[in-house]
Amino acid sequence: MNEIMRQRFFITSTGTGIGKSFITAGLVRQAKALGKSVAAYKPIMTGCTEGPIEQSDAGILLQALELPASFANIERIAPWRFKAPLAPSMAARLEKQSIDFNALVRFGHDAMAETKDVVLIEGVGGVMVPLDDTRTVLDWIEELHIEATLVTGTYLGALSHTLTALDALQHRKIPIFAIIVNESAESTVALQATVDELVRFTHLPIVPVKRRKTGEENISELRALIETRPSPLAGEVAKT
């Protein structure tokens, strides 16, 4: 596949627990179903002592890639791992470590330079999560010069969080490929109502994803994002 047809996306979100890994795994499966070669990375993980490694974010991606959750594979796609379930800057500090931001950016550029048709880089937490004393996920995305896909939910408050994240991304002139609305568990706000409200504030492509059981990442709603490649729209969020 030529350079123009290659797809490179950074999967970020409005916060933690929104379903980035679930969505990234879904994108992997859709790419594979379309006969495309795909690579997926979760460079930074925190809370790595919680549960079996197969159930970790990296484990979920490896399962979608049809690769074993071996130490070598985990190390390859998630080289920065910390025990505490905290922001990366805080989790690293507890272990008397720090994240080398330049090395993190180089890792991303190397991943994007692969010959795979699709390369997905999953972030950690939300757009403004601190990585070190001065940099956030937003700085990471900006340095990679990559299109962002923003994952949000339908929980009460998601609209404000989504528009705030969009404003931050667009302020840095980061191209946004799409917004994915992943239906939140036990949400009091309807999925379609959330989408309808967001449509009033942005012309970006919005993909609603109905809630599924854990591990069910064959998300057909995502196929169009991988099957076609609309030009990224990075217009301003409409003012109220």
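The values are calculated or read from the model by the stated rules, or taken from the named source; none is laboratory data. Since the model is a prediction, treat every value here as computed from it, not as a measurement. Backbone-built Cβ (ideal geometry, glycine too); neighbour counts: all protein chains shown. These accessible areas exclude ligands, DNA and RNA; they are computed on the full protein's heavy atoms, side chains included. Shrake-Rupley method; radii C 1.70, N 1.55, O 1.52, S 1.80 Å.
Filter the stretch 170-189 down to the residues that are open to solvent by 60 Å² or more (accessible area, probe 1.4 Å), part of a loop (DSSP other than H, G, I, E, B) and not polar (S, T, N, Q), then identify the one that is farthest from residue 223 (Cα to Cα).
Ranking the qualifying residues of the stretch 170-189, first place goes to 172.
Condition first: closer than 20 Å to residue 99 by Cα and acidic (Asp, Glu). Now tell me which residues in the stretch 64-80 satisfy that.
Matches in the stretch 64-80: 75 only.
Looking at the stretch 177-198, I want the residues that are among the β-branched types (Val, Ile, Thr) and have a partner that is open to solvent by 40 Å² or more (accessible area, probe 1.4 Å) and assigned to a strand (DSSP E or B) with Cβ atoms under 9 Å, at least 6 apart or on another chain. Which pairs are those?
Taking only residues 6 or more apart or on different chains, the pairs are 180/208; 181/208; 194/208; 195/208.
Considering only the stretch 6-38, state which residues are open to solvent by 10 Å² or more (accessible area, probe 1.4 Å), hydrophobic (A, V, I, L, M, F, W, C) and within 24 Å of residue 142 (Cα to Cα).
Those that are open to solvent by 10 Å² or more (accessible area, probe 1.4 Å), hydrophobic (A, V, I, L, M, F, W, C) and within 24 Å of residue 142 (Cα to Cα): 18, 22, 38.
Consider residue 49 carefully, then state whether it is among the β-branched types (Val, Ile, Thr), open to solvent by 60 Å² or more (accessible area, probe 1.4 Å) and under 24 Å from residue 129 (Cβ atoms).
The answer is yes for residue 49.
Within the set of pairs 6+ apart or on separate chains, which have a first residue in the stretch 68-82 that is in contact (Cβ under 8 Å) with a residue 24 or more places away in the chain, a second that is among the hydroxyl-bearing types (Ser, Thr, Tyr), and C-beta atoms under 7 Å apart?
77/41; 82/46
Considering only residues that are touching an Asp or Glu at 6+ places or on another chain (Cβ under 6 Å) and either open to solvent by 50 Å² or more (accessible area, probe 1.4 Å) or assigned to a helix (DSSP H, G or I) (or both), which ones fall in the stretch 65-97?
89
Which of the following residues is more than 18 Å from the chain's Cα centre (by Cα), of a type in the set (A, V, I, L, M, F, W, C) and open to solvent by less than 30 Å² (accessible area, probe 1.4 Å): 198, 131? I'd like the intermediate steps shown before the answer.
On the way: 131 fails: more than 18 Å from the chain's Cα centre (by Cα).
Matching residue, one of 198, 131: 198.
So which residues in the stretch 131-173 are in contact with a His (Cβ under 8 Å, 6 or more places away or on another chain) and either free of Cβ contacts under 8 Å to residues at least 60 places away in the same chain or within 17 Å of residue 42 (Cα to Cα) (or both)?
144
Report, by residue number, each residue of the stretch 134-169 that is buried (at least 18 other Cβ atoms within 10 Å of the Cβ), β-branched (Val, Ile, Thr) and not in a helix (DSSP H, G or I).
Once the filter is applied, which keeps residues that are buried (at least 18 other Cβ atoms within 10 Å of the Cβ), β-branched (Val, Ile, Thr) and not in a helix (DSSP H, G or I), the stretch 134-169 yields 136, 146, 149, 151, 152, 154.
It is to be established whether one or more residues within the stretch 35-52 are closer than 17 Å to residue 77 by Cα, assigned to a strand (DSSP E or B) and among the small types (Gly, Ala, Ser).
There is at least one residue in the stretch 35-52 that is closer than 17 Å to residue 77 by Cα, assigned to a strand (DSSP E or B) and among the small types (Gly, Ala, Ser).
Kindly indicate the residue of the stretch 206-219 that is over 19 Å from residue 61 (Cβ atoms) and at pLDDT below 95 and also surrounded by the fewest Cβ atoms within 10 Å (Cβ to Cβ) among those meeting that condition.
210
Restricting attention to the stretch 103-125, does a residue exist that is over 28 Å from residue 219 (Cβ atoms), open to solvent by 20 Å² or more (accessible area, probe 1.4 Å), over 13 Å from the mean Cα position of the chain (by Cα) and of a type in the set (Ser, Thr, Tyr)?
Taking every residue of the stretch 103-125 in turn, none turns out to be over 28 Å from residue 219 (Cβ atoms), open to solvent by 20 Å² or more (accessible area, probe 1.4 Å), over 13 Å from the mean Cα position of the chain (by Cα) and of a type in the set (Ser, Thr, Tyr).
Please enumerate the residues belonging to the stretch 1-60 that are closer than 22 Å to residue 218 by Cβ, out of contact with any Leu (no Cβ under 8 Å at 6 or more places or on another chain) and of a type in the set (S, T, N, Q).
Correct list: 7, 37, 55, 56.
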